[in-house]
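Peer 1: My questions all concern the structure below.
The values are calculated or read from the model by the stated rules, or taken from the named source; none is laboratory data. Fair warning: this is a prediction, and the values are worked out from it, not measured in the lab. Don't worry about glycine lacking a Cβ; one is built from the backbone with ideal geometry, like all the others, and counts go over all protein chains shown.
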Amino acid sequence: MSETLISIQSPMEIDLDSNGIIVASAGTGKTYTLENLFLRILVEKRLPIEKILAVTFTEKSAAEMRDRIRRRLSERIREMSATGNNSGELRHFLDETINNFRSANISTIHGFCNKILNEFPFETGAAPDRTLIDDKQVLSDAFEELKSHFWREINLFGCSSEEILELYGFGQKFDERILELSQKYIPSWITLLPSLLKPDEYLKEIQKIIKKLFEWRDTKEFSNFVQRFSLLNFNASSRKSIVEKILSPLCSELQESKSWIEFAISFIRLSKSISYGRFEDNSYLCIIPDKWNKSGSNLDSVAPEVPELSSKLEGLHKAITNFQMSSYMELIKRTRETADAIKISRGWMTYQDMILEVESAISRSSDLKNLLKERFNYVLIDEAQDTDGIQWSIFRSIFLEDKEHKIFLIGDPKQSIYRFRGADIESYFEAAKEISENGGKTYSLSITYRHPTQLIECFNNLFSDGWFEEKVYIPVKSADEEKRPYAFLDKKSSDPSFNAVEINSSGRAAKAQFGEFIAKKILEITKDPPIIAEFCDYKERIKRRLRLSDIAVLISTWNEANELEEIFKAHDIPCMLYKKTGIFHSRESQEILYLLAALSNQGNDSHCKKAFLTSFFSLTGVGIAEENVFNSAKEKLNKWRSLLDVMPIGAAFQEIIDDSGLISRVAVYQDRERRISNYRQVIEYLESKLSGRRSVWKDIYDELLNEFSRNEIEKDEEDLYRIESDIPKVMIMTIHVSKGLEFPIVFIAGGITSKHQLQTLPFHAGEKGVSKLAMDLSSSSDGILKIEDDYEKRRLYYVAFTRAIFRVYVPKIICEKQHSPGPMVNFVKNNLQKIVLPNESCYTKSMILDDCEIPEEKATAIDFSRIQLTKPELSERIRRMNSFSSMIRNEIYFEETSISEFEKDEYEENIIVGPNSEKDLRPGRKTGLMLHKIMEELEYERFMAFKDYRDAIADKKVRECIIRNQDIYFQSNEEREADTEKIAGIIWSCLRVKFLEEGKCLAEIPKRDRISEVDFLEASSSESMMTGKIDLVFRLDGKYYLLDWKSNLIADYSYDSLQAEIIRNRYDIQRDVYLSAAKKWFSARIKNFKYEKEFGGMYYVFMRGLKPDDLRSGVLYFKTDSE
């Protein structure tokens, strides 16, 4: 592949008329290249967008690619409009493409295959309307059905079930082992090894050998065999061990056994219990002496039957081993067959079935292949290193058999780390070879935008020679500093980019030592004066101090996290496991699924009962049994069913959360933040997937149910937990989870030790090639498996090193004696010698633990700049979390008052704030939710350039934000158009009226000094908790303030009128709760926070009542003392 390598710096250098392999090393802009290649093909070839197929690995990646490509197309159209180019062939093509964007074929491989099965049922032979299920579950059902009668089919007359199970080796975790192997085994693609006969044949052999042993037992020679063996002329110690550990117990079992199976089971137990060195190497052949004493052998005269006995015992041992292994193979094959039959009978389909059925259909049907050739011209395969032979067979058949079609593989073979779930690096190499042989070109992205020169030179030295199995590492260069999105401005530390920490201990002691080093180094990095870095945020470069959340600690397995957590806890360092289990497999997600099932199936009491046991109701089994309790819960459920008729998904869920008291129940748990975060993330995901269309509860239930199944495929890649609270935390994660992420500071803590346990995985037997895939149940292929395992570990640690943006720390184990050494000892240590030599480079450093300065203070102070939040990874919230409202809902009824009940407050103003209109903006809860959402999304600074509301509404971003939220809350276009200008007037006033201290307005508060929608939990009594969201927290002139938006429509917004409104709606209680929560919130995050000096107070801003000429109108300000 490297012989024809073309080094490129831009996707513009790729030849669209040839097939291509694009090697994208870490940080070189794979995503950018992919989307620009797609756009080049689209525009330069003038292809309808549906003619280009783009396949990526996860649903999230596919959605992001769609969004980026659509955004780029929209930007191109806007640029043309700005220059007056509103006509012409290209503009017409782009307009058509945007209008037809829904037909874009950008999906996962499963999405692509599912679409083919649905659109071509006759050509594929696919049954219609099948239910998508988890492969593991149907295999489990099949295995349970199969094992209940499997052994009865073998002629074991007179044997008990217990004896049969032991003969088969059905020991602990046997079921788990068979299911694991059944999942990995694909009959049409993988050969099971070793090649064996049917179990019956080995059973006959077992019976035959034991019969001969019984015949020997009945001879007179048997009675004194052990005594005679003890007279053999070889090493006395060896002779004694063989007699005591093998022959005496063997002859005793042979003497006492009444049936062949009784002896067979005793023989199995004996073989497992023998602890004799030569037995482990040679099995029962070890009873034949390999060396004799000086007087020579006396075997023929003393115990001539030993060789024959050794042969029989060895034959029995092999026959039993082969019987068990053959039975396992039979079980695996028949489990797959039974699962297939179950799926057909029940109308089920798994994710693996999708790919297998499409591949099979294309192979046997030229009609389907031709139809797909007509449909597509190009295919772009993202993360190509994680494909397998089946997927490559599909794409090869469609795109590589003629010159009219083109295929591009985009990926990095150095980052192929998912072998355990089916990824096959050899399939990638096979595909690259075939593409090259068919005139394809191999490109390498030669510039990295992640790493500075100091770090990339270290990586080039580290990985160039001896790290990978082949010459797959291609050195890259760092982009010029102005083109890189990051800059490190560390003035206080002497640590270079690459740091190796010498540890003169082994095993757990080495891990604990490095963990202590990490903790002390984190405290050093985060103490004052701060380390400043420059980041590119929305094309704007900002400088800020490094936060704890900028630091990642990478481990090999989750088991390594516990000790690190304890060390960090001892040093008061906040940390979190970035992913311990997929969010969609959490208890909270399961509870939402049960609730949705009940909402979707009216009248189904079974679903209702499951929902009533969740935290949404928190009923007990006894409570459900009481008719009045059950009926009361059903009434509440019926009320919730109607919510989607009047409000969007997010608001409906929020209503359920408030009405159910869910938060107060969850708040009693120690891990309440995690639980609440889980509920929110699942709801936000569902909202994002179904936004923009009217949905019923059944649609939402189906979406979450599908995500459960899909998550089994993607759970190692997707659904990472978001940060569970506002406090920045050090991220602890496995290297597998870290793929695709990047962090300014990285510590590699995993891999110091290893269990040395090889998994039974498919491997390439014989010559390389996808047709040679095999899976060996014996240990005879362990050598090959170990080689492939070692290569993957090298790729895994390449991923680990390249997550670092500025600096990486790695243990360098110098202790010679190591128990169960891991990759850090086996190969990383030796390769470190190539780059980490004391005093030889300003880029690298080899340090001992004493080099790490230990600050006297423990926890680092967290100032406002370090607690600013980023937008959530999932969709943004539809409605504020504010259970204060639900707390007082039983006392106060909020009416949606019509405008006709009030006199319009008219006033003259020199500045035009809002449009003249006979009616104000409509009242009601939806309007309030919409205004809050708009204020959360807007960029306040933009409003400094707007003289009045008309400038605001003319601004594209502002207008899009308003219209987008109007579409969410109000479906009527007529109502939307009538209100757009009024909304612009309200938000202009909120941001430009100078009601703040020192005569300032909110638009003057920079983004770094404000946070929207801050969550809190506050005790409302000794037994319950209350949750809320503070709309805005901001800093002004060194003081911190709270602000709460109010959209109430009232007749008068004067000071006295607002005070009355506060009392009428019990906002005075809300104010006290917010102020109490704020004091605790700031005190927990800002070192030595002084409430009286540093807390400025709280504003209630009634959005409709702000006036530039009356700064008291619409605004109430509060501040209480620290008590």
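Peer 1: For Thr557, which of the numbered conditions (1) surrounded by 15 or more Cβ atoms within 10 Å (Cβ to Cβ); (2) over 22 Å from Ser677 (Cα atoms); (3) of a type in the set (Ser, Thr, Tyr) fails to hold?
Peer 2: For Thr557, the failing item is (1).
Peer 1: Moving on. Tally the residues that are among the acidic types (Asp, Glu) and modelled with pLDDT under 85, restricting the search to the stretch 516-568.
Peer 2: Of the residues in the stretch 516-568, 4 are among the acidic types (Asp, Glu) and modelled with pLDDT under 85.
Peer 1: Here's something else I'd like to know. Mind checking which residues of the stretch 322-357 are over 24 Å from Leu192 (Cβ atoms), assigned to a helix (DSSP H, G or I) and under 32 Å from the mean Cα position of the chain (by Cα)?
Peer 2: Passing the criteria: only Arg346.
Peer 1: Further, regarding this structure: Here are some conditions: (1) more than 27 Å from the chain's Cα centre (by Cα); (2) farther than 22 Å from Ile394 by Cβ. Lys60 meets all but one. Which one does it not meet?
Peer 2: Exception for Lys60: condition (1).
Peer 1: Further question: Does at least one position in the stretch 468-477 carry a residue that is modelled with pLDDT of 90 or more, aromatic (Phe, Trp, Tyr) and not assigned by TED's automatic domain parsing to the domain that holds Val810?
Peer 2: So far as the stretch 468-477 goes, no, none of its residues is modelled with pLDDT of 90 or more, aromatic (Phe, Trp, Tyr) and not assigned by TED's automatic domain parsing to the domain that holds Val810.
Peer 1: Moving on. Only one residue in Ile320, Ile342 is outside the structural domain of Gly27 (by TED's automatic domain parsing), of a type outside the set (S, T, N, Q) and crowded, with 22+ Cβ neighbours inside 10 Å, so which one is that?
Peer 2: Every option except Ile320 fails the conditions.
Peer 1: Something else now. Of all residues in the stretch 517-537, which are acidic (Asp, Glu) and within 28 Å of the chain's Cα centre (by Cα)?
Peer 2: The answer is Glu534, Asp537.
Peer 1: List the helices (runs of 4 or more DSSP H) that sit entirely inside the stretch 183-265 and contain at least 2 residues that are under 58 Å from the mean Cα position of the chain (by Cα) and at pLDDT below 95.
Peer 2: Hits in the stretch 183-265: 199-217, 236-242, 248-256.
Peer 1: Related question: How many residues, within the stretch 638-655, are assigned to a helix (DSSP H, G or I), crowded, with 20+ Cβ neighbours inside 10 Å and either outside the structural domain of Ser615 (by TED's automatic domain parsing) or not aromatic (Phe, Trp, Tyr) (or both)?
Peer 2: Final tally of qualifying residues: 5.
Peer 1: Among residues belonging to the stretch 579-597 that are within 12 Å of the chain's Cα centre (by Cα) and among the β-branched types (Val, Ile, Thr), point out the one that is modelled with the lowest pLDDT.
Peer 2: Among them, the one singled out is Thr581.
Peer 1: Also, quick follow-up: If I go through the stretch 240-283 residue by residue, how many of them are within 16 Å of Lys211 (Cβ to Cβ) and among the small types (Gly, Ala, Ser)?
Peer 2: Here the count works out to 4.
Peer 1: On to the next question. Looking only at residues in the stretch 414-439 that are surrounded by fewer than 23 Cβ atoms within 10 Å (Cβ to Cβ) and of a type in the set (Gly, Ala, Ser), which one is farthest from Asn831 (Cα to Cα)?
Peer 2: It comes out as Gly439.
Peer 1: Residues in the stretch 82-92: is at least one of a type in the set (Lys, Arg) and either in contact with a Pro (Cβ under 7 Å, 6 or more places away or on another chain) or assigned to a loop (DSSP other than H, G, I, E, B) (or both)?
Peer 2: no
Peer 1: While we're on this one: So, restricting to helices (runs of 4 or more DSSP H) that lie completely within the stretch 1053-1106, which ones have at least 2 residues that are modelled with pLDDT under 85 and crowded, with 21+ Cβ neighbours inside 10 Å?
Peer 2: Here the list reads 1067-1085.
Peer 1: Further, regarding this structure: Is it the case that the stretch 279-291 has a residue that's farther than 20 Å from Gln255 by Cα, loosely packed, with under 15 Cβ neighbours inside 10 Å, over 54 Å from the mean Cα position of the chain (by Cα) and touching a residue at least 60 places away in the same chain (Cβ under 8 Å)?
Peer 2: Checked the stretch 279-291: no residue is farther than 20 Å from Gln255 by Cα, loosely packed, with under 15 Cβ neighbours inside 10 Å, over 54 Å from the mean Cα position of the chain (by Cα) and touching a residue at least 60 places away in the same chain (Cβ under 8 Å).
Peer 1: For the structure I just gave you, tell me whether Ser446 is surrounded by fewer than 20 Cβ atoms within 10 Å (Cβ to Cβ) and under 30 Å from Glu534 (Cβ atoms).
Peer 2: Judged against the criteria, Ser446 is a match.
Peer 1: Oh, and also: Of the numbered conditions (1) under 30 Å from the mean Cα position of the chain (by Cα); (2) surrounded by 16 or more Cβ atoms within 10 Å (Cβ to Cβ); (3) more than 22 Å from Leu741 (Cα to Cα), Ser506 satisfies every one except a single condition; which is it?
Peer 2: (1)
Peer 1: Taking the stretch 354-371, which residues are in contact (Cβ under 8 Å) with a residue 12 or more places away in the chain and among the charged types (D, E, K, R)?
Peer 2: Answer for the stretch 354-371, where residues must be in contact (Cβ under 8 Å) with a residue 12 or more places away in the chain and among the charged types (D, E, K, R): Glu357, Glu359, Asp367, Lys369.
Listed here are the residues, each with its yes/no results for (1) among the aliphatic types (A, V, I, L, M); (2) assigned to a loop (DSSP other than H, G, I, E, B).
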site: His451; (1), (2): no, yes
site: Cys458; (1), (2): no, no
site: Leu462; (1), (2): yes, no
site: Tyr473; (1), (2): no, yes
site: Ala487; (1), (2): yes, no
site: Glu502; (1), (2): no, no
site: Ser505; (1), (2): no, yes
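Peer 1: So, in the stretch 234-268, exactly how many residues are of a type in the set (Gly, Ala, Ser) and touching an Asp or Glu at 6+ places or on another chain (Cβ under 7 Å)?
Peer 2: 1
Peer 1: Also, I was wondering about something else. If Asp789 meets every condition in (1) out of contact with any Ser or Thr (no Cβ under 8 Å at 6 or more places or on another chain); (2) at pLDDT below 85; (3) more than 25 Å from Asn499 (Cβ to Cβ); (4) not β-branched (Val, Ile, Thr) apart from one, which number is that one?
Peer 2: (2)
Peer 1: Right, something else. Give just the number: which of (1) touching a residue at least 60 places away in the same chain (Cβ under 8 Å); (2) touching a Phe, Trp or Tyr at 6+ places or on another chain (Cβ under 8 Å) does Tyr351 not satisfy?
Peer 2: (2) is the only condition that Tyr351 fails.
Peer 1: I would also like to ask the following. Would you confirm whether or not the stretch 39-53 contains a residue that is of a type outside the set (A, V, I, L, M, F, W, C), more than 35 Å from the chain's Cα centre (by Cα), surrounded by fewer than 19 Cβ atoms within 10 Å (Cβ to Cβ) and assigned to a loop (DSSP other than H, G, I, E, B)?
Peer 2: Checking the stretch 39-53: at least one residue is of a type outside the set (A, V, I, L, M, F, W, C), more than 35 Å from the chain's Cα centre (by Cα), surrounded by fewer than 19 Cβ atoms within 10 Å (Cβ to Cβ) and assigned to a loop (DSSP other than H, G, I, E, B).
Peer 1: Can you tell me which residue among Arg40, Arg91, Arg70 is free of Cβ contacts under 8 Å to residues at least 60 places away in the same chain and in contact with a Phe, Trp or Tyr (Cβ under 6 Å, 6 or more places away or on another chain)?
Peer 2: Exactly one residue qualifies, and that residue is Arg70.
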